[in-house]
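This report refers to the structure that appears directly beneath it.
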Amino acid sequence: MTSADDYEHRELQLNRFRRLIGELLRGETNRNCFADWEIDLLLDFDTCQLPPRRRLEILRQYQRAVEHQMETGPGPPIKLSHFLVLREQRRNALP
């Protein structure tokens, strides 16, 4: 793959991720065709226990983290469970 192909692939993945996270934020999916990595993210999301009052805030933080990841490196997007672990580690590292 050339760097142009890599960039285009990342952009497509990022756009698909934004669509997926938008569906999760609304609480409904309007499609039945998913990429393998999207299914992995959905299964992972299903196992994560998010506090209902903070669900939207956490998902928005997760979206920003994935957007940053995809702007600076390869995909697929990190899983929500991995994001939550990293987030907890950062909180525990603060004095």
Under the Karplus relation with 6.51, -1.76 and 1.60 and θ = phi - 60°, whole-Hz ³J(HN,Hα) for region 10-20, x at Gly and Pro, equal 4, 5, 5, 4, 5, 5, 5, 5, 4, 5, 4
Along region 85-91, Karplus-curve 3J(HN,Hα) (6.51, -1.76, 1.60; θ = phi - 60°) to the nearest Hz, with x for Gly and Pro, reads 5, 4, 4, 5, 4, 5, 5
Around Cys33 (Cβ within 12 Å, Cβ-to-Cβ, excluding Cys33; K/R +1, D/E -1) the net charge comes to +1
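Between the DSSP loop rule and a limit of at most 15 other Cβ atoms within 10 Å, which trypsin sites (Lys or Arg not before Pro) in region 1-44 are left?
Passing sites in region 1-44 are Arg31.
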Low-density loop GluC sites (Glu not before Pro), region 1-72, at most 10 other Cβ within 10 Å, DSSP non-H/G/I/E/B, are Glu28
The answer for Thr29, listing residues at least 5 apart or on another chain whose modeled amide H is closer than 5 Å to its amide H, is none
Candidates for volume of the Cα convex hull per residue in Å³ are [x] 344; [y] 151; [z] 109, and the calculated one carries label [z]
Taking the chain and counting helices only, DSSP H stretches of n ≥ 4 at -39,500 (n - 2.57) each over all residues, the nearest-500 ellipticity at 222 nm comes to -24000 deg cm²/dmol
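Every read-out reported here was derived from the displayed coordinates using simple, explicitly stated rules and does not represent laboratory data. The shown structure was predicted, so the numbers you read here are calculated from the model rather than taken from an experiment. Backbone-built Cβ (ideal geometry, glycine too); neighbour counts: all protein chains shown.
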